[in-house]
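Presented below is the structure to which this report refers.
Just so you know, all these numbers are worked out from the coordinates, no wet-lab data involved. All values reported here derive from a predicted model rather than from experimental measurement. Here the Cβ is made from the backbone with ideal geometry for all residues, glycine too, and neighbour counts use every protein chain on show.
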Amino acid sequence: MAYLLVPLDDAIVFPSVTANLKIDVGDEEHVFLLTRRDGEFERVGVVAEVIEHGHTPAGEPVATVVGLRRGLAGIAQSDGNDPDALRIDVQEIHDGHPDDEHTRELARQYRATVEEILELRGADGRIAAFLRSVEEPGALADTAGLSPDLTVDQKVRLLDTVNVTARLELAVELQSERLAELQVRSRIRDDVESGAQKQQREYFLRAQMDSIRKELGDDEASLIEEYETKIAEAGMPDPVREQAEKELRRLERQGEQSGESSMIRSYLDWLIAVPWSERSDGKLDPAYTREVLDGDHAGLDDVKKRITEFVAVRKLRAERGVEKDSRADGAILTLVGPPGTGKISIGESIAKALDREFVRISLGGLHDEAEIRGHRRTYIGSMPGRIVRALRDAKTMNPVILLDEVDKVGADWRGDPSAALLEVLDPAQNHSFRDHYLDVEVDLSEVVFLATANQLDTIPAPLLDRMEIIAFDGYTTQEKLAIARGYLLPRQIKRHGLEADEVEVDDAILLSLISEYTREAGVRQLERELGKLLRSAATRIASEDDVERPLVLDEPVLRKALGKQKIFQESVERTAIPGVSTGLAVTGTGGDVLFIEATAMEGDKGLILTGQLGDVMKESARIALSYVRSHSEKLGIDPEAFKSEIHLHVPAGAIPKDGPSAGTAMTTALVSLLTGRPVKHTVGMTGEVTLQGRVLPIGGLKQKVLAAHAAGLTDVFLPYRNKADLDEVPEEVREEMTFHPVMSVEEVIDLALEPAGSTADVASMS
C-alpha cells in the first residue's frame, strides 16, 4: 500500500497515540509517519489516520492524526500531483496476540514497575488505571513510548521491535532502568534531608553550649575578638573592611565547629594577610640606580641606560608634584633576550636600586587562568591567585614583581592566563584588580611590574601592546671575560668550598674557555664550564696534601677537566669549495651563523631543500634560484647548468629554521656553485632578497653581528637600511669588523666571492 510520507525529525508517534502535527496532508485520509534523524529515515514507521486538518491563525497547516499500526518502509517516489511530496510503499505490520504464560508474566511485571515509578513521582491513580485497562500485550508495551524519560534512540528501538513478546521485554527493561534511577534519587534526597535535620540539631546544641560556656566564663568569643583586632589593625580600605566584618559575623553565627567555619576562617586569614597599608619607603636616585646596576652586571649599557631613565622620570614627577598619570607611572618593562643573559638578575638589581621588595612569579607552562585571578571560594581547596600571593610574600603593596617567562604562557579549557594578565599589566585598570577568591578590589597601581621573555613571537599582541621592550642581545667576548673574572669565578670558587688565594686562573685560560667550549649569547654555559674546571681543582686540593698554593689552572688542567675542544672556527674549511656561504641568524638562544650549502647533480630539473626549513625560508630559496636564473648571463653562468638538479641544504638538519633574512646567503651560495667561485671565508651576510635582487632590511642585527664576531668573521654584508642599527653594536666589535651596507645582491656577489680562477682545486659540478 502506498501512503503520503510525513517525516518526523527526532520525533516518534506510536500506534494508538493521537498527535497534532504541523504538516500539510491535503485530502489524504491516511499517511505514513516515519522518524528522520541526521537526514536519514528509520526502517519502521506508523500508518496513521487523519482525523482533522486545517490551518493555525498564523496560516500554518496542521493535522490531527492517530496511529493505527506499524509499517515497514519501502520504496518512495514523487507524488505526481505535488512534486515536493513523496509517496512510499508500506508493508503494514499487525501485532499478534500471544497468550503464553511468559508474555502474561511480562505484562504483570511491566504494570508493577510503572506503578512503582508513578508512586515515587507522586502521580495520581488515573495513569495506573489506564494501564490496567490496556489488555493487548503489544499496545501495553507501546505505552512505554509515552514516557518522557526515554531518549529518541530508546523509542526508536521500541518502535522497531515488531515481535510483541520481545517488545514487551524491552519495555520492561527500559522502565526498570528508570525505576532504578528514581530509587537512587529518592535515597539521595532522603539522605540530604536527614543531614539537614542533623545539621540543624547540631546548630541548636552548639548554641546551647555557647550559652553554657558564657555562664561559666569559658567563652569562645576570644576567636572572634582576635579576628576583630586583626581586621582593625590591617589597615584595610573601607569596602574591604566591610566585607571582612560581614564574613566575621557569618563565622560568629555558624560556630567554630561547623563545616563552613574553616572556609570562612581561611578567607579572613587571606584578607588579613594582604599588606593593605604597608609600603616600602623606596629610593628614586638615578645615580644610585646606575651604580647598583654597574656593580651587579658588566656590559648591557643600553639596558642600564633605559632603567636609569625610568627611575629618573619617576623621581622628577614625584619631586615636582606632577599629577598622577597611570599611563606614565605604569610602564611595564619587558626584558627580552636569549637564556643566560641576566634578565632575572637585572630584575633583582632594579628592586635593590629602588629599595623595594622583590618577588618572582614563574609563568612558564602556565595554562590555568585561576592561577592569576584566583579560584572561586565555592571550590574545595581554593586560594587567591599568584598576584595576591606575591603581595603577601612581599609584605608591601609596592614591591617589584617579576613575571618570568611570559612568552611561555599557554591556553586550554581552563582559560587563558595571558588574558588575565591584560588587566594586571594595564596601568589604566590594575588599580581595581579583583581576585576571584578575595572578591574585593586590590590596588596594583603601585607595583613595579617587570616581565622576561626569550622571544616576542609567542606573546599575544594585546599583551605585548602593554609592554615596553628592552632587548638583551647578548655579550661580546670581552664582556664575557669581564663577567667571568668579576662575577662568575668568585661565585664558583665560593660554591666549591675554595678560597680566592687557592686557585689562579689567568685571562688567557678564561678566553680559551669562552671561545673553545661555549657558543651562547649569555653566560650560563660559561658558568657551568667554570664549575667543572674548579671541581677538578677542588678534588686535587682535597685529595693531595702537597699541592702548591695557589693552584695554577693552566691549559693542560683545562683540557683534562673539560675534555677536547668543543667549538671550532669552521668558516675557512666550510667555505673552501664553491657553493657554501655563511649566513647570520637569530635563534631562541641568541645569534648564530648558518653555513648554507648548495650542490648540483644529474637528475630531474628542480630544487631540493633540506634542513628543517620553514615556509618563508623555502620561499627565499626559490626566489634566490629565480634571481640567479634570470640574471645568469650577467653573472657569467652557463644556462645549461640549470638543467641539473640543485640541492640546497642548511645544517643542522635537526633544528627548525625560518625567516627571510637568509635570502642573501642563499643567492650567494647558488652563484658560488654555478660560477665555481668560493665565498671568502671571512664573510658573513644577512638580508632578504627580492626577485629584482634588492636587499631588504631584517631584524636582530646586533645579535647577528655578535655571532659573526664570535665565529671569527671580519666582514659582514647587511641591508643598507639596517646601517643605523650598527650604533647598537659595541664599539670594540665595530672596530674589529668591516661592514658592507648593500642595496642589491649584486654588490654582495661582487665583493663576497673570490675572483674567478683563484682556487685551482675546487669541486666540479656534476
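Here the simple spin-label model places points 7 Å from the Cα toward Cβ, and for E544 and D439 these points are separated by 7.1 nm.
Ordering 724-737, 123-136 by mean Cβ neighbour count within 10 Å, with the highest value first, yields 724-737, 123-136. Output the pairs from K304/K723; K304/K702; K315/K480; K480/K680; K283/K702; K605/K680 with a Cα-Cα distance over 26 Å in this structure; if there are none, say none. Going by Cα-Cα distance, K315/K480; K480/K680; K283/K702; K605/K680 fall outside the 26 Å limit.
Within the stretch 2-92, the percentage of alpha carbon pairs spaced more than 18 angstrom apart rounds to 41%. For the chain, the extents of the C-alpha atoms along the principal axes are 108, 100, 64 Å, listed from largest to smallest. Of the peptides 36-44, 442-450, the order by per-residue mean of other Cβ atoms within 10 Å, starting with the highest, comes out as 442-450, 36-44. Sorting the segments 746-754, 15-23 by their residues' average number of neighbouring beta-carbon atoms within 10 angstrom, most packed first, yields 746-754, 15-23. For the stretch 347-495, the extents of the C-alpha atoms along the principal axes are 56, 34, 31 Å, listed from largest to smallest.
Cβ-Cβ distance of R559 and L751, R₀ of 56 Å, FRET efficiency by 1/(1 + (r/R0)^6): the value works out to about 0.90.
Under the criterion of Cα pairs below 8 Å and six or more residues apart, the relative contact order for the chain equals 7 percent. Note on the stretch 218-310: Cα Rg divided by 2.2 N^0.38 Å, N the number of residues, gives 1.83. Full extension of the chain between Q455 and D301 yields a length gain of 53.4 nm, computed as 0.36 nm times the residue separation minus the alpha carbon distance.
Rounded to the nearest 20 debye, the dipole magnitude of the chain is 1640 debye, with +1 charges on Lys and Arg beta carbons, -1 on Asp and Glu beta carbons, and the Cα centre as origin.
The distance separating the Cα centre of the stretch 255-318 from that of the stretch 635-663 comes to 53 Å. Taking 7 Å steps out from each Cα toward its Cβ at H97 and N20 produces label points 3.5 nm apart. What lysines does K230 reach when the alpha-carbon gap must be under 19 Å and sequence neighbours fewer than 8 apart in one chain are set aside? Candidates past the 8-residue exclusion: K246, K395. Cross-link partners of K408 among lysines, defined as those whose alpha carbon lies under 18 angstrom from its own and excluding same-chain residues fewer than eight positions apart: K343. Debye-formula intensities of the stretch 671-738, expressed as log10 I(q)/I(0) at q = 0.12, 0.20, 0.22 Å⁻¹, are -0.35, -0.87, -0.99 (one equal scatterer per alpha-carbon, no solvent). Looking at the stretch 516-600, the pairs of alpha carbons with a distance over 16 Å make up 67% of the total. In sequence order, the stretch 122-132 has phi-based couplings of x, 6, 6, x, 5, 5, 5, 5, 5, 4, 5 Hz under the Karplus curve 6.51 cos²θ - 1.76 cosθ + 1.60, θ = phi - 60°, and Gly or Pro positions carry x.
Volume per residue for the stretch 642-702 equals 128 cubic angstrom (convex hull of Cα atoms). Kindly provide log₁₀ I(q)/I(0) values, in the same order as q = 0.28 Å⁻¹, from the Debye equation applied to equal alpha-carbon scatterers of the stretch 599-662. Log10 I(q)/I(0), no solvent term: -1.19. Here r is the Cβ-Cβ distance between Q77 and D149 and R0 is 60 Å; the resulting FRET efficiency, rounded to 0.05, is 0.95. Averaging 1/r over each pair of different alpha-carbon atoms in the stretch 477-562 and inverting the result gives 12.9 Å, the Kirkwood hydrodynamic radius. Dividing the mean sequence gap of close Cα pairs (under 8 Å, 6+ apart) by how many residues the stretch 286-471 holds gives a relative contact order of 29 percent.
Straight-distance candidates among the aspartates and glutamates for linking to K657, with alpha-carbon spacing under 13 Å and chain neighbours fewer than 8 residues away dropped: D592, D615, E619. Dividing the convex hull volume of the alpha carbon atoms of the stretch 221-273 by its residue count gives 61 Å³ per residue.
Approximating the spin labels as points 7 Å out from Cα along Cα→Cβ, the V184-to-E60 distance works out to 3.7 nm. Distance from the Cα centre of the stretch 536-558 to that of the stretch 65-133, in angstrom? Result: 97 Å between the Cα centres. Calculated translational diffusion coefficient of the stretch 571-752 (20 °C, 1.002 mPa s; Stokes-Einstein with Kirkwood radius over alpha-carbon pairs) equals 134 µm²/s. Relative to the longest principal axis of the Cα atoms of the chain, helix 221-233 runs at roughly 40 degrees. Multiplying the residue separation of K643 and H431 by 0.36 nm and removing their Cα-Cα distance gives an extension gain of 69.5 nm. What is the log10 of I(q)/I(0) for the stretch 440-591, computed with the Debye formula using one identical point scatterer on each Cα and no solvent, at q = 0.09, 0.13, 0.17 Å⁻¹? These q points yield log10 I(q)/I(0) values of -0.47, -0.78, -1.02. Taking every C-alpha pair closer than 8 Å and separated by at least 6 residues, the mean separation divided by the residue count of the stretch 567-694 gives a relative contact order of 39 percent.
Of the chymotrypsin sites (Phe, Trp or Tyr not before Pro) found in the stretch 458-564, none is in coil by DSSP with at most 11 other Cβ atoms within 10 Å of its Cβ.
Just to be sure I understand: of the beta bridges DSSP finds with both ends in the chain, what percent are antiparallel, rounded to 5? Within the chain, antiparallel bridges account for around 55 percent of the total.
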